[in-house]
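Student: Provided herewith is a single structure, encoded as structure tokens, for subsequent inquiry.
The values are calculated or read from the model by the stated rules, or taken from the named source; none is laboratory data. Quantities reported herein were computed from a predicted structural model and do not represent experimental measurements. Note that we place each Cβ from the backbone using ideal geometry, even for glycine, and neighbour counts take in every protein chain shown. The area values use the complete protein model at the heavy-atom level, side chains included, leaving out ligands, DNA and RNA. Shrake-Rupley method; radii C 1.70, N 1.55, O 1.52, S 1.80 Å.
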Amino acid sequence: MCGGLLAGNVRAVRRLENLLTRARGIDPRAVDAVVAVALVAGAVALGAAGEHHGPLTLLAAAATCATVAWRRRAPAAMTAVALVSITVAGVSSHSGHLTFEGFAAVLDYYMLGRLSIRRGRPEVNVVLLVAAVAGIVIVPGSSRAVQVAATWTLFVALPFAAGRAIGSRVELTQELRANADRLEREQQERARHAAAEERNRIARELHDVVAHSVSVMVIQTQAARRVAAGDREAARDALSSVQSCGRDALMEMRRMIGVLRHGDEELAGATAPALSQLGALVARARAAGLPVELRIDGEARDLSPGLDLVAFRVVQEALTNAIKHAGPARALVRVTFTTGGLELEISDTGRGPALPDGDTDARGHGLVGMRERLVLYGGELQTGRARGGGFKVRARIPLPETVTS
């Protein structure tokens, strides 16, 4: 059973199969079929030319070589058939030289080892490996222990071990590829979620800027129209306020558009709205006809840029609603820094927004957006009619103890 052509050449067999199966667009099973046909033809031709090869030997040799065509579908069954057939061919030929049959056995045991990683039937594999020893001993010319061990190692053990090694590598590669695909999908999902969050954030920012600025501009324009005929100086002041408010709105919109174009890092130096600008916000509300008083209690503390912006937007949205809905009224903005947080209270003495009967909560999209922003920082927002009349907006935001001014 010692085919001189294949002795010590298992690596070449594996390399040949890799070259064949890696051909682009070719089904590995089709390759196996072609190889099986070639082996059967070679085994039959070689057996017919020999003196000790009868019909049984030729049939057994052809059956051994034919198993290569189905080795991927049923590796254990085809290996068992090849083992029995090659033993019959070796015994009936009385020569032990089975070149093409040995080649087929190498391919079968290689595929058995390769697919054993996925199919996991170790007891069947052990039986086929041990049975190969008995088959080698039965064949004439393989009586010595060294010769049996060498034949079993070259034609059975090494192909099986090579198949398991390559099968393990293939399984690992597929697992890594699956993990990479999963991570890519998760990354794309996170990117979509981040993009949606960014769109929502920009939409809220645009709402804050446009709603406040346009409300002030509309009110000032109406006032200018009413007094234009009798008091040109007052009309001029109102139009000047409209111009200033519009300019501020354009600056903020340019800042937000710049974030879209260049990213937050490149705009780190841009001035974003913050509690330090409440004075200008209050002055703008006063110019729109709403008398506003600003009070700041407690020791001021440094806030993160995001939290500073949220706090400013809460006050801005509350004053915008007061300008739009309060009517003739006064407003009070109170900012209180406590030991554990920041409290914002914006109240007015007006009639407040029109709400359904029995409803005490504001339903405007602006304040709903403020509530969502505050939740991100662990804060809460309360809105509704105040006792004794008017409307009140109150926000509480926890601050870390380690952050000090």
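Student: Excluding ligands and nucleic acids, what accessible area in Å² is computed for V126 using a 1.4 Å probe, to the nearest 10?
Tutor: V126 has an accessible surface of roughly 80 Å² with all protein chains in place.
Student: Sorted by packing (mean other beta-carbon atoms within 10 Å per residue), highest first, where do 159-172, 374-387 land?
Tutor: Taking the mean over residues of other Cβ atoms within 10 Å, the ranking is 159-172, 374-387.
Student: Grab the beta carbon distance between T173 and H193, set R0 = 41 Å, and tell me the FRET efficiency rounded to 0.05.
Tutor: With R0 = 41 Å, the Cβ-Cβ based efficiency is 0.85.
Student: Carbon and sulfur together cover what percent of the accessible area of region 268-322 at a 1.4 Å probe radius?
Tutor: After summing per-atom areas, the C and S share lands at 52 percent.
Student: Could you sort R232, R71 by accessible area so the largest value comes first, with the probe set to 1.4 Å?
Tutor: I get R232, R71, largest accessible area first.
Student: While we're looking at this one, here's another question. In what sequence, highest mean first, do 74-85, 215-226 appear when ranked by Cβ atoms within 10 angstrom? If you can, show how the numbers build up before the last one.
Tutor: Details: 74-85: 20.7, 215-226: 18.0.
Ranked from most to least packed, the peptides come out as 74-85, 215-226.
Student: Net charge near D231, counting Lys/Arg +1 and Asp/Glu -1 over other residues with Cβ under 13 Å of its Cβ?
Tutor: Charge balance near D231 sits at +2.
Student: In what sequence, highest mean first, do 57-63, 131-137 appear when ranked by Cβ atoms within 10 angstrom?
Tutor: Result, highest mean first: 57-63, 131-137.
Student: At a probe size of 1.4 Å, how large is the accessible area of W70, to the nearest 10 Å²?
Tutor: 130 Å²
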